[in-house]
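These notes are about the structure you will find just below.
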Amino acid sequence: MNATSSFAKGKVTLASLSATSAGRLTLSGSGTLPLSGNGLNVTVNGSALLVLANRFVADRDGQLSGVMTMDARVSGSLTNPQFSSRVATSGAGYVDPELNFRMQGITGSASLNGDHMVIEQLSTSLARGGFVSASGSIGLSGGLLADVQVAINSVRYADGDLFIATVSGNLALTGNLTGSPLLAGNMRVENANITVPENFDGGDDLIDV
């Protein structure tokens with residue numbers, strides 16, 4: 001980390017701040033920090049490789065790729081700081097072997113203001129075909145109240161063994177994410193193919209139809 005700053009008249013002036021971490025995280029910033037009263041004004045810009053988040057999907061062998069950028073600002077005072085920021089990504093990807101799907105060209109942006117996050121836009125295409133987009137808001141305090149809309153356009157999914165289906169529809173996620181959120185909407189199966197094996201493993205229970 002490198003920083004250049006000065007102190008005068010009860011105020012710290014941060015001329016520059018830069019930090020890097022193994023090439024995966026880069027931050028830079030500047031601003032003023034009064035030790036009392038209002039006038040706090042610090043901006044931070046940065047970028048991070050999304051592989052840093054792979055630890056959260058390691059149990060399912062998931063893999064994230066791409067870069068996320070961030071612009072953040074802190075204003076107000078040291079006793080009552082006000083935070084705002086915006087994050088964005090473009091051309092990112094995610095592979096989930098457990099669910100047998102791959103998202104590509106993930107593009108999106110979201111802003112954080114006080115106690116809520118607004119998903120300005122989020123979209124991705126699926127490797128097997130189709131497109132998914134989402135927008136909405138999520139509260140960052142209390143019960144994490146969500147109001148998110150998802151549009152699914154001709155998404156093709158194959159489980160790798162028995163079926164292939166193409167679906168479209170619109171979904172809405174609302175309510176308390178830490179309690180009992182509601183996922184509702186309409187889905188339409190445009191096409192579906194189910195392969196019935198010639199033989200079943202003798203150890204499996206047959207479905208009573």
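The values are calculated or read from the model by the stated rules, or taken from the named source; none is laboratory data. Please read all numbers here as calculations on a predicted model, not as lab measurements. Note that each Cβ is placed from the backbone with ideal geometry, even for glycine, and that neighbours are counted across all protein chains shown.
Criterion first (surrounded by 13 or more Cβ atoms within 10 Å (Cβ to Cβ), of a type in the set (A, V, I, L, M, F, W, C) and closer than 30 Å to L35 by Cα) does L49 satisfy it? No.
Of the set (1) free of Cβ contacts under 8 Å to residues at least 24 places away in the same chain; (2) under 20 Å from P97 (Cβ atoms), all apply to V51 but (1).
One residue stands out among those in the stretch 54-66 that are outside any helix (DSSP H, G or I) and without any contact (Cβ under 8 Å) to a residue 40 or more places away in the chain: the one that is surrounded by the most Cβ atoms within 10 Å (Cβ to Cβ), which is L64. Candidates in the stretch 144-164 are the residues that are free of Cβ contacts under 8 Å to residues at least 40 places away in the same chain and over 18 Å from the mean Cα position of the chain (by Cα); of these, the one that is surrounded by the fewest Cβ atoms within 10 Å (Cβ to Cβ) is D161.
Criterion first (out of contact with any Lys or Arg (no Cβ under 7 Å at 6 or more places or on another chain) and either surrounded by 14 or more Cβ atoms within 10 Å (Cβ to Cβ) or in contact (Cβ under 8 Å) with a residue 60 or more places away in the chain (or both)) does G29 satisfy it? The answer is yes for G29.
Set side by side, the residues S111, S141 differ, and just one is out of contact with any strand residue (DSSP E or B) (no Cβ under 6 Å at 6 or more places or on another chain), among the hydroxyl-bearing types (S, T, Y) and in contact (Cβ under 8 Å) with a residue 24 or more places away in the chain, which is S141.
I need the full set of residues from the stretch 1-26 which are over 22 Å from S75 (Cα atoms) and loosely packed, with under 11 Cβ neighbours inside 10 Å, in order please. Correct list: M1, N2, A22, G23.
Among the residues of the stretch 115-124, is there at least one that is in contact with a helix residue (DSSP H, G or I) (Cβ under 8 Å, 6 or more places away or on another chain) and under 28 Å from G31 (Cα atoms)? No: zero hits.
A single member of R128, R86 is more than 22 Å from L145 (Cα to Cα), among the basic types (K, R) and surrounded by 13 or more Cβ atoms within 10 Å (Cβ to Cβ), and it is R128. Within the option set V74, V167, being closer than 24 Å to R188 by Cβ, surrounded by 15 or more Cβ atoms within 10 Å (Cβ to Cβ) and at pLDDT 90 or above holds for one residue only, V167.
Just one of (1) in contact with a strand residue (DSSP E or B) (Cβ under 8 Å, 6 or more places away or on another chain); (2) touching a residue at least 12 places away in the same chain (Cβ under 8 Å) fails for P97. It is (1).
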